[in-house]
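Reading through the structure tokens given below for one structure.
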């Protein structure tokens, strides 16, 4: 794409910052594996690839060498919609036999959203020294468990490889939070939807068709944490539906 993916921007934050924000609530220590010193701006421990130009297998091996924990979350920085809830599913699946626990999304196994046992380090080192570079081959040499996501969860694992994919992601992904009585109507507290309408009223029309009792209730709309009218243009990806404030 002509630039390091970690520094691409979405919703006012770099891809790397999105990854950090998802990892912080579930990990005790964060390590960035990259030879690019620009990543030092994030203030985290950065380690170089032990073997240069050897792909993600070498990157994971380098991270496992540096880590002092038995299990380690591995997350590629080109998945800006990732959230802590998806990562928690990996942690909850830890058992006494699985060396790799990976996400499976839309029938696709994702070893770059995965939990790796420290025991993988020796196997990966041996494979790298023999000239192997394919991550999936290396993963298949381990005891593997896959955690399947449902259709709604799968959206959070979208990875970005081209400028067109990034443009589409910016245009279509809207994160909506529902509070108080509104969440009782929707029966969820938040969701990620694909939408290309131009203003808040168009978004509300879509939501009214999805949640039949929503239109008859009084609520306010916030966009990027600021209250807006129905005529306001959709300029951000964070929307909140708020019930009437107490005393208001």
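A few notes on this one:
- Between 0 and 90 degrees, the angle of helix 55-66 with respect to the longest Cα principal axis of the chain falls at about 80 degrees.
- Taking the fewest neighbouring Cβ atoms within 10 Å as the starting point, the ordered list for 9, 16, 110 is 9, 110, 16.
- In this simple spin-label model, placing a label point 7 Å from the Cα along the Cα-to-Cβ direction at both residue 179 and residue 195 gives a separation of 1.7 nm.
- A Förster distance of 41 Å, applied to the separation of the beta-carbon atoms of residue 93 and residue 209, puts the FRET efficiency at 0.65.
- Inter-part distance where segment 123-172 and segment 11-58 are each reduced to a Cα centre, Å: 16
- Sequence of 144, 33 once ranked by neighbouring C-beta atoms within 10 Å, starting from the fewest: 144, 33
- Scoring 98-106, 75-83 by mean Cβ neighbours within 10 Å over their residues and listing the highest first yields 75-83, 98-106.
- Relative contact order %, the chain, counting alpha carbon pairs below 8 Å whose residues are six or more apart: 15
- Nearest-ten-degree value, helix 200-210 long axis tilted from longest Cα axis of the chain: 80
- Fully extended contour minus Cα-Cα distance, from residue 65 to residue 225, at 0.36 nm per residue: 53.5 nm
- Label-point separation in nm, residue 24 to residue 7, each point 7 Å along Cα→Cβ: 2.2
Coordinate-derived values only; no laboratory data. Because the structure is predicted, anything quoted here is derived from the model rather than measured. Heads up, the Cβs are rebuilt from the backbone with ideal geometry, glycines too, and the neighbour counts pull from every protein chain shown.
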